[in-house]
Amino acid sequence: GFLAPMAAASARGNETAPTWHYVFYGAAIVTAINFLPTIFLFREPERDPEAAKKKPIKVFTDTMKVLWNDKAMLRFLLIVSGFWFMFMQLWDLLPNFLDEWVDTRDVGGLLAAIPLDFVKGWLMADGAAKPEILINIDAAAIILFVLPLSWFFGRYKMMTSLVLGMAIGLVGFVASGLTSVGMFAAIAIFVFAIGEIICSPKFSEFIGMTAPPDKKALYMGYSNIPFAIGWAAGNGISGPLYDGFASKNMLARKYLAEHFGMSPESLESLKGTELFNTLAAKLGGVDIYEVNRVLWDAYNPWVIWLMLGVVGLASLVGMTVSYKLSQKKDSAPEAPTAQPTA
């Protein structure tokens, strides 16, 4: 959502006065409020007696058999999973990257110019914009542009919108991690959002349009499979990649060992901000942003976004091939109908 991250950003405080507990209290209260309509308004729908007799495993296997027999839909869902792989990393990995590597003081300066007191809650103690504020550009863009863009691209074929949206999303996704400048990262996130707006509704539309008439509800359930694959694969791939190529903690220890000869034992004793304060002191008393620049130039942590982008590129190529094949199928001449002989 759009409002929750803004509220959470204000509630969590900043690095000098953290108040994270307010975020969890607020989340618990909002979740508890949802019990009220569930308890008093929700009614269990009537169930098919025959379907109710089936065990969950039987239902699952029958559902997967239907999908397995529809190879075209299975391929489509696997291709789309690559896009959702990127989408999930926007929410799961990019906030960490922004927090560690991107100087968002330029974005914070723009926010600070807004004459509203609550905007101060969106800034860190040094005036930098909090990572969740930049990530929320995605939600804001969807709210503002989903209707006009959906109307505009409604005139194009579904596959055209899918390919175009995935291409724009891929550019925005990779670009968001290739820079340490906050404003550039914000623009890249906006570009990703535009791609998401163009192609995301078309995923469900394509499934609904191509599903057999008697299985539309079942096929719409399949639309959640790319979310599951993308999220699971993202958690399994992006975390180790980040730890190996972009973790600022790891790279700071590596720099201290390579350039200042610190032993593994000495490095292990440095905890939390003490590690970066030590590196800053050895670099001549620089600030944390200069520490980031030194590590950025030395180890190129942005390279992980190129690695992750390969998944999105493979998805885009797969969708493009599917698009070309569908065009050939549509343009193929129909076989002549045999005329009855007299």
### Summary
Exception for R47 within (1) at positive phi; (2) loosely packed, with under 11 Cβ neighbours inside 10 Å; (3) not polar (S, T, N, Q) falls at (1)
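Hey, among R75, R47, R105, which residue is out of contact with any His (no Cβ under 8 Å at 6 or more places or on another chain) and outside the structural domain of G177 (by TED's automatic domain parsing)? Break it down stepwise before answering.
Numbers: R75 fails: outside the structural domain of G177 (by TED's automatic domain parsing); R105 fails: outside the structural domain of G177 (by TED's automatic domain parsing).
That would be R47, the only listed residue that is out of contact with any His (no Cβ under 8 Å at 6 or more places or on another chain) and outside the structural domain of G177 (by TED's automatic domain parsing).
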### Query
Does any residue of segment 102-124 turn out to be at pLDDT 90 or above, outside any helix (DSSP H, G or I) and under 20 Å from the mean Cα position of the chain (by Cα)?
yes
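Restricting attention to segment 195-212, which residues are within 21 Å of L306 (Cβ to Cβ) and touching a residue at least 40 places away in the same chain (Cβ under 8 Å)?
So in segment 195-212, the residues within 21 Å of L306 (Cβ to Cβ) come out as 195-196.
Matches in segment 195-212: E196 only.
Restrict the check to segment 177-185 and report whether at least one residue is in contact with a strand residue (DSSP E or B) (Cβ under 9 Å, 6 or more places away or on another chain) and assigned to a helix (DSSP H, G or I). Step through it out loud before you land on a result.
Kept after step one, since they are in contact with a strand residue (DSSP E or B) (Cβ under 9 Å, 6 or more places away or on another chain), are these residues of segment 177-185: 180-182.
Next cut, assigned to a helix (DSSP H, G or I) only: 182.
Yes, some residue in segment 177-185 is in contact with a strand residue (DSSP E or B) (Cβ under 9 Å, 6 or more places away or on another chain) and assigned to a helix (DSSP H, G or I).
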#### Entry: Pairs, first modelled with pLDDT of 90 or more in segment 222-251, second part of a loop (DSSP other than H, G, I, E, B) and not basic (K, R), C-beta under 6 Å, six or more apart
S238/L93; A246/P301
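The values are calculated or read from the model by the stated rules, or taken from the named source; none is laboratory data. Being a predicted model, the structure only gives us computed values, none of them experimental. No Cβ is skipped: glycine too gets one built from the backbone with ideal geometry, and neighbour counts run over all protein chains shown.
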